[in-house]
Amino acid sequence: MAGAPASLSGRDVGSFAYLTIKDRIPQILTKAIDTLHRHKNEFFEKHGEKGTEAEKKAISLLSKLRNELQTDKPIIPFVEKFVDTDIWNQYLEYQQSLADENDGKPRWFFSPWLFVECYMYRRIHEAIIQSPPIDDFDVFQESKEQNFFESEESIIALCTHLQELVTTVEDLDENQLKDAFFKLLQVSLWGNKCDLSLSGGETSSQRTNIINSVEELKPFILVNDMDHLWSLLNNCRKARENTSVTRVDIVLDNSGFELVTDLVLADFLLSSQLATEIHFYGKTIPWFVSDTTLHDFNWLIEQMKDSHHKWMAKCGADWETHIKMGRWVYHDHIFWTLPHEFCVMSQVAPDLYAELQKAHLILFKGDLNYRKLTGDRKWEFTVPFRQALAGFHPAPLCSVRTLKAEVQVGLRPGQAEQLAAAEPDWLTTGKFGVLQFDGPL
Ligand code: F6P
Ligand code: MG
């Protein structure tokens, strides 16, 4: 993008991007290999010798990938035909043209971090689809499910809170409604701490009742635009005629506990009539370890429905009804698992851009979405969010993100310096968060 600062990259030795490529990504690959190995018997039982052969093939492809990465080999094109192969390979050519200017080739520790990290997950997918009959195996599924089960107590607390709220929602005055909305927005924000990519694929579940922590976590929200969201949705509610729609779109991030927090928020938006329709966007392939696929989405609702806990089961049943009645709509699109920054969405995926334009508000969950919103670039911390979005504005939008990468914009002068003095790794631990809004043009 002309005039924009350089991309974050593994070239910057010691940076978070560098450490991720050096340590975290190989660890995730090793875990994926172990997972395949552990399922050896299952593959054999299901497919006989062909299953065993496939498991060996997938493991050897992933080992080769890990070796390419660790020895900083050039990035190679995709060979297996899949819906997005041509777009990916075109993007590789574009990266090649950027590297040419520097007399080099796209490489792991040389190219933009966003690109190589996305490329890594797409290569994992390629290794799997090149290994039929286990070509629909999700190497991260077990971890996602474990995250859900380990967070059960916290999920129960959240569902109980939601059900109490839903039964009294009609009696709430405007201030009480606003407070309830703010609480669940913050729960959804802190739910983003639970991703499994930052932890290198290791467990990262929610074990305490998050609702009780919301107040004490408030000082860690560095940009807090909740008031804007409230005004926008409350005005829609007041102005709405009987038949008209208020649509909130949620670009999902991680499955497990975070997804529950998003669905609880979505449920509340409907019952409070702050919205009448919610559209969710998930990933078409396993992505950044814990990101939500259609399978994860359905699996989680099914688990909730089958729970022995009364309120968890009630949530599951209500959510299934929302889907059946079309009040909740799930979409997927290959754009979400491409390496592109969002400012090119209108050219690369005009259909998706047009879909998002129908929303009154779009919530972008999580860190990776923030990196793509801002192009994963070395912006000054005080640059306005609007500037970093570089023309991406399908509808009013808000990033709901805990910080896990060295990019942040829209801070007050001096705020970043103060944070850095108190906590040198404030950008990357997930301890801090933003609810950062970009309103009507
Ligand atoms: O490897 C760490 C990391 O890749 C972040 O930098 C990345 O953005 C994050 O994991 C995924 O976080 P989230 O699930 O919030 O998008
Ligand atoms: Mg994620």
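The values are calculated or read from the model by the stated rules, or taken from the named source; none is laboratory data. Keep in mind the model is a prediction, meaning the values are calculated, not measured. No Cβ is skipped: glycine too gets one built from the backbone with ideal geometry, and neighbour counts run over all protein chains shown.
Considering only the stretch 257-291, state which residues are under 20 Å from the mean Cα position of the chain (by Cα) and assigned to a strand (DSSP E or B).
Answer for the stretch 257-291, where residues must be under 20 Å from the mean Cα position of the chain (by Cα) and assigned to a strand (DSSP E or B): Ile278, His279, Phe280, Tyr281, Gly282, Lys283, Asp291.
Going by the conditions given, is Gly282 buried (at least 18 other Cβ atoms within 10 Å of the Cβ), within 16 Å of ligand 1 (Cβ to nearest atom) and not hydrophobic (A, V, I, L, M, F, W, C)?
In short, yes.
Answer yes or no as to whether Phe220 is at pLDDT 95 or above, within 21 Å of the chain's Cα centre (by Cα), more than 16 Å from ligand 1 (Cβ to nearest atom) and at negative phi.
no
Does Lys358 satisfy the condition of being away from ligand 1 (no atom under 13 Å from the Cβ), in contact with a Lys or Arg (Cβ under 7 Å, 6 or more places away or on another chain) and farther than 24 Å from Gly191 by Cβ?
Spelling it out, Lys358 is indeed away from ligand 1 (no atom under 13 Å from the Cβ), in contact with a Lys or Arg (Cβ under 7 Å, 6 or more places away or on another chain) and farther than 24 Å from Gly191 by Cβ.
Results for (1) crowded, with 19+ Cβ neighbours inside 10 Å; (2) of a type in the set (Gly, Ala, Ser), shown as yes or no for each residue.
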| residue | (1), (2) |
| --- | --- |
| Leu233 | yes, no |
| Leu252 | yes, no |
| Gly256 | yes, yes |
| Leu265 | yes, no |
| Ala275 | yes, yes |
| Phe288 | yes, no |
| His295 | no, no |
| Trp299 | no, no |
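Given the residues Ile87, Ile25, Ile59, which is the only one that is under 25 Å from Val407 (Cα atoms) and part of a helix (DSSP H, G or I)?
Sole residue among the options that is under 25 Å from Val407 (Cα atoms) and part of a helix (DSSP H, G or I): Ile25.
Taking into account only those residues within the stretch 213-254 that are assigned to a loop (DSSP other than H, G, I, E, B) and touching a Leu at 6+ places or on another chain (Cβ under 8 Å), which is farthest from Arg386 (Cα to Cα)? Don't jump to the end; show me each part of the working.
Kept after step one, since they are assigned to a loop (DSSP other than H, G, I, E, B), are these residues of the stretch 213-254: 225, 240-246, 252-253.
When the remaining residues are screened for being touching a Leu at 6+ places or on another chain (Cβ under 8 Å), the result is 225, 246, 252-253.
Values: Asp225: 14, Thr246: 24, Leu252: 21, Asp253: 22 Å.
Filtering the stretch 213-254 for residues that are assigned to a loop (DSSP other than H, G, I, E, B) and touching a Leu at 6+ places or on another chain (Cβ under 8 Å), the one farthest from Arg386 (Cα to Cα) comes out as Thr246.
Anything in the stretch 270-300 that is within 30 Å of Asn242 (Cβ to Cβ) and within 16 Å of ligand 2 (Cβ to nearest atom)? List them, or say none.
Phe280, Tyr281
Could you give every pair whose Cβ atoms fall below 9 Å, whose first residue belongs to the stretch 31-52 and is over 10 Å from Ile134 (Cα atoms), and whose second residue is loosely packed, with under 14 Cβ neighbours inside 10 Å and among the β-branched types (Val, Ile, Thr), counting only separations of at least 6 or pairs across chains?
none
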